[in-house]
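Rule-based calculations on the coordinates, nothing more; no lab input. From a predicted model like this one, the values you see are computed outputs, not experimental measurements. Every residue, glycine among them, receives a Cβ derived from its backbone with ideal geometry; neighbour counts consider all protein chains shown.
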Amino acid sequence: MSLRQLAESARSKAHAPYSNFHVGVALETVDGQTFVGANMENASYPEGWCAETTAIAHMQMAAPGARIKRVLVLGQGEGVLTPCGGCRQRLSEFSSADTLVECTNLKGDTRTFRMDELLPAAFDLDPSH
Ligand SMILES: [Zn+2]
C-alpha cells in the first residue's frame, strides 16, 4: 500500500467532530516500516492533537529509535496542508535534514519539502541528527 493510501485510511479514522477537518498522515522509516496517524480532537479544544503526533507515537512505541525517511500529510481544502509549527518540531526530533515531507490534499495537489526547509535552524540537542 502506498503512503497516500495509508494516509487516506488513517484520515478516515480522525476524530474531528468540532472542526470537521480530517487529517491523515503516513510515514516511512529509514528501514522501511510504515506508521499512520490521524488528528484527535477533544471537547476541551487545546487537549486535541495533530495527525503527525499520532503517527510519531505509533512509530516510537512499535519501533523505538526508528528514524523517519519520508512523511505524507493528507489534508482537505483547496491548498496543501503543511505541518503546524509544533509538528515540525516533533517530526524534526525523529528526522534528518533530508527527510521528505509530502504535503497533499484530496485533489492530489502536492508540495514536497525537505525537513530543513520546513524547520530551518531547528532546535536540536543532538546535532548528529
Ligand atoms: Zn500539528
Problem set entry | Relative exposure of M61, M40, judged by other C-beta atoms within 10 Å (fewest first) | M61, M40
Exercise. Principal axis lengths of the chain from Cα atoms, whole Å, largest first?
Worked result: 40, 32, 28
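For the chain, what is the percent of antiparallel DSSP beta bridges, rounded to the nearest 5?
Details: 17 of 23 bridges.
Bridges in the chain that DSSP calls antiparallel: roughly 75 percent.
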